[in-house]
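Each value in this text was obtained by applying a stated rule to the coordinates, not by laboratory testing. None of these values were measured; they are calculated from a predicted model.
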Amino acid sequence: MAEMTKYMVTGQPGAAGLALASFDNPQGGPAGLTLAELAFAGKITLRGDGETARIAGQIAGCQLPDGPGRAAIASSRILACLGPDEWLLLCEAGAETGLLKQLHSQLAGTHSAAVDVSDALVAWQLGGDQMRRVLAKGCALDLHPRQFAAGRCAQTMLSHAGVTLICTAPDSFMLLCRTSFAAYTASWLADAAADCGLRWG
């Protein structure tokens, strides 16, 4: 997935004030986990039927996901199907206001809902050749590339935090958690990467 474009947005990112220290891989070589916040990435939750998602995808420029557990990725935008009537639309920073306005206009009169949750969730970009192994320390999902390939998504627990995982590329995940759990999640990931190294930011 292309890096989210960072437009000028007021306020602070969800992980403002959180400063983890990068540390070397004790085995040598590059850090096994990379972690960076996608600051100000737009996030919209959608509830409704398949037509709701089709309209959302059309507005955002994404294809309709095949079903729950699937995500359609189009450049800096993602439409993830989290359940039979639940979707998450991710976009570049600052674009959520315009997208939400279009959604409300197109979905008027239908049994649906579209809500901006950009401030409620923090989005992290994860990478590194040990990324899946690090996540597996606190996640019950089968994260093997054959089972959780690019275009897969799921809501799950990472240790004690509820998270949404989206595989955006074979070696890249997006992880979303509640803003109130941002510090805990980042600290847990850093601790879990103690044996392979962390590159922060």
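Structure data summary
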| read-out | value |
| --- | --- |
| Using alpha-carbon coordinates, inclination of helix 182-192 to the longest axis of the chain, degrees | 40 |
| The chain: relative contact order as a whole-number percent, Cα under 8 Å and 6+ apart | 30 |
| Using alpha-carbon coordinates, inclination of helix 96-106 to the longest axis of the chain, degrees | 30 |
| With Cα atoms, 0 to 90° folded angle of helix 50-60 axis to the chain main axis | 70 |
| Region 41-117, relative contact order [Cα under 8 Å, separation at least 6], % | 41 |
| Alpha-carbon spread of the chain, three principal axes, descending order, Å | 58, 39, 28 |
